[in-house]
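Peer 1: Have a look at this one.
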Amino acid sequence: MRNTALLQRFERNPRGRDLIVGDIHGCFSRLQAALSAIQFHPDAGDRLFSVGDLVDRGPESAASLEWVAQPWFHAVQGNHEDMAIRWGKRDCQMDPMVYAANGGAWNIGNTPEERAEFSVAFDDLPIAIEIETREGIVGIVHADCPFASWDSLRTALLATDLKNSERRHLRDMCMWDRSRIQTKFTGGVKDIRAVVVGHTPLERVEVLGNVYHIDTKGWHPNGKGFTFLNAATLTYETLPPQELLWEAA
């Protein structure tokens, strides 16, 4: 396991908007069309944050490396990055049939060197992001915060004495858990203004306590479009599919 920063914090944006987008799943042309429709301008200070799952399912997973290299684009690891990280390691024991069934065929066909490139790039992404806003911190993880308090998650992610097995369990909970959305638990997460997640495809945004589930299947032909949540205002917009140039993707 690489010794990368599991938590990244971003200071309040003094110029533009901080927008958080749901799962992308290799549909970067659709995402770019949606960004153009909402007049996203990095040159004016706009920043885009991703809840993870940059790859698999869509046709442009390879473009993910170009996006994570952009200074205005910031993503956490999703469970599909987790699979790509493992697939790029020499000792990988993941079943290729299972990986392909989850959209990983594009990576199965890559050379060992290409697989390693994606593995390293995704392993450098954090598990959680904190965005400072005027009203308080907004947190991002892919699937859920596994603690009742964000402070507890922050402490765990920053701990230097965790065993590898403990850190692996923590990562799995942040990237794979669906218990909150499945049980409709509305208790929320303490010590944080809001937590934004993806992972579970939904017909519309669902807010449980202060946890915003924003994967409205912008990557799927039958989805509702990409949802963008403004970190400062906690307002959101879901672009209808016809505005995302489905045919072009």
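Peer 1: Looking at (1) at pLDDT 95 or above; (2) outside any strand (DSSP E or B); (3) more than 15 Å from Asp123 (Cα to Cα), can you tell me which one Val55 breaks?
Peer 2: The failed condition is (3).
Peer 1: Filtering region 117-132 down to residues that are of a type in the set (D, E, K, R) and assigned to a helix (DSSP H, G or I), which residue is surrounded by the fewest Cβ atoms within 10 Å (Cβ to Cβ)? Outline the logic, then answer.
Peer 2: To start, the set of residues in region 117-132 that are of a type in the set (D, E, K, R) comprises 117, 123-124, 130, 132.
From what's left, assigned to a helix (DSSP H, G or I): 117, 123.
Numbers: Glu117: 15, Asp123: 18.
Checking each candidate, the answer is Glu117.
Peer 1: What number of residues within region 212-249 are outside any strand (DSSP E or B) and either closer than 16 Å to Thr200 by Cα or modelled with pLDDT under 95 (or both)? First the steps, then the outcome.
Peer 2: Restricting attention to region 212-249, the residues satisfying the condition of being outside any strand (DSSP E or B) are 214-226, 231-235, 239-249.
Those left that are additionally either closer than 16 Å to Thr200 by Cα or modelled with pLDDT under 95 (or both): 214-226, 239-249.
Of the residues in region 212-249, 24 are outside any strand (DSSP E or B) and either closer than 16 Å to Thr200 by Cα or modelled with pLDDT under 95 (or both).
Peer 1: Further question on the same structure: Return the residues of region 198-238 that are of a type outside the set (Ser, Thr, Tyr), within 20 Å of Gly16 (Cβ to Cβ) and in contact with a Leu (Cβ under 9 Å, 6 or more places away or on another chain); say none if nothing qualifies. Step through it out loud before you land on a result.
Peer 2: Here is the first cut: in region 198-238, the residues of a type outside the set (Ser, Thr, Tyr) are 198-199, 201-211, 213-215, 217-226, 228-232, 234, 237.
Checking the rest, the ones that are also within 20 Å of Gly16 (Cβ to Cβ) come to 214, 226, 228-232, 234, 237.
Listed by number, the residues that qualify are Ile214, Phe226, Phe228, Leu229, Asn230, Ala231, Glu237.
Peer 1: In this structure, does Phe147 turn out to be surrounded by fewer than 16 Cβ atoms within 10 Å (Cβ to Cβ), at pLDDT 95 or above and of a type in the set (A, V, I, L, M, F, W, C)? Talk me through it step by step, then tell me what you get.
Peer 2: On the way: surrounded by fewer than 16 Cβ atoms within 10 Å (Cβ to Cβ): no; at pLDDT 95 or above: yes; of a type in the set (A, V, I, L, M, F, W, C): yes.
Against the criterion (surrounded by fewer than 16 Cβ atoms within 10 Å (Cβ to Cβ), at pLDDT 95 or above and of a type in the set (A, V, I, L, M, F, W, C)), Phe147 does not qualify.
Peer 1: Can you give me the number of residues within region 151-167 that are surrounded by fewer than 23 Cβ atoms within 10 Å (Cβ to Cβ) and either touching a helix residue (DSSP H, G or I) at 6+ places or on another chain (Cβ under 6 Å) or among the hydrophobic types (A, V, I, L, M, F, W, C) (or both)?
Peer 2: Step one: of region 151-167, the residues surrounded by fewer than 23 Cβ atoms within 10 Å (Cβ to Cβ) are 151-152, 154-167.
Still in the list and also either touching a helix residue (DSSP H, G or I) at 6+ places or on another chain (Cβ under 6 Å) or among the hydrophobic types (A, V, I, L, M, F, W, C) (or both): 156-159, 162.
So the count comes out to 5.
Peer 1: Taking region 179-233, which residues are exposed (fewer than 15 other Cβ atoms within 10 Å of the Cβ), farther than 22 Å from Arg30 by Cα and touching a Ser or Thr at 6+ places or on another chain (Cβ under 7 Å)?
Peer 2: The answer is Lys190, Gly209.
Peer 1: Scan region 58-83 for residues that are within 24 Å of Gly139 (Cα to Cα), open to solvent by less than 20 Å² (accessible area, probe 1.4 Å) and assigned to a helix (DSSP H, G or I) and jot them down.
Peer 2: Ser64, Asn79, His80, Glu81, Asp82, Met83
Peer 1: For the structure I just gave you, tell me whether Leu19 is assigned to a strand (DSSP E or B) and not basic (Lys, Arg).
Peer 2: Values: assigned to a strand (DSSP E or B): yes; not basic (Lys, Arg): yes.
When the stated conditions are applied, Leu19 passes them.
Peer 1: Out of the residues in region 34-52 meeting the condition of being over 16 Å from the mean Cα position of the chain (by Cα), small (Gly, Ala, Ser) and open to solvent by less than 30 Å² (accessible area, probe 1.4 Å), tell me which one is farthest from Pro126 (Cα to Cα).
Peer 2: Restricting attention to region 34-52, the residues satisfying the condition of being over 16 Å from the mean Cα position of the chain (by Cα) are 34-46.
Applying the additional criterion that residues be small (Gly, Ala, Ser) yields 34, 36-37, 44-45.
Checking the rest, the ones that are also open to solvent by less than 30 Å² (accessible area, probe 1.4 Å) come to 34, 45.
Values: Ala34: 25, Gly45: 22 Å.
Restricting to residues being over 16 Å from the mean Cα position of the chain (by Cα), small (Gly, Ala, Ser) and open to solvent by less than 30 Å² (accessible area, probe 1.4 Å), the top hit is Ala34.
Peer 1: Considering only region 65-75, I want to know if a residue exists there that is more than 30 Å from Phe40 (Cβ to Cβ) and without any contact (Cβ under 8 Å) to a residue 40 or more places away in the chain. Before the answer, list the steps.
Peer 2: Initial filter on region 65-75 (more than 30 Å from Phe40 (Cβ to Cβ)): none.
Within region 65-75, none of the residues are more than 30 Å from Phe40 (Cβ to Cβ) and without any contact (Cβ under 8 Å) to a residue 40 or more places away in the chain.
Peer 1: With (1) assigned to a loop (DSSP other than H, G, I, E, B); (2) within 28 Å of Trp72 (Cα to Cα); (3) free of Cβ contacts under 8 Å to residues at least 12 places away in the same chain as the list, and Glu114 as the residue in question, which single condition is left unmet?
Peer 2: Checking Glu114 against (1) assigned to a loop (DSSP other than H, G, I, E, B); (2) within 28 Å of Trp72 (Cα to Cα); (3) free of Cβ contacts under 8 Å to residues at least 12 places away in the same chain, the one that fails is (1).
Peer 1: Now a separate question. Restricted to region 3-16, and to residues that are closer than 14 Å to Ala231 by Cβ, part of a loop (DSSP other than H, G, I, E, B) and in contact with a strand residue (DSSP E or B) (Cβ under 9 Å, 6 or more places away or on another chain), which residue is most open to solvent (accessible area, probe 1.4 Å)?
Peer 2: Across region 3-16, the extreme among qualifying residues is Glu11.
The values are calculated or read from the model by the stated rules, or taken from the named source; none is laboratory data. Just so you know, these numbers come straight off a predicted model, no measurement behind them. Glycine gets a Cβ as well: all are built from the backbone with ideal geometry, and neighbour counts include every protein chain shown. Accessible surface areas use protein heavy atoms only, side chains included; no ligands, DNA or RNA. Shrake-Rupley method; radii C 1.70, N 1.55, O 1.52, S 1.80 Å.
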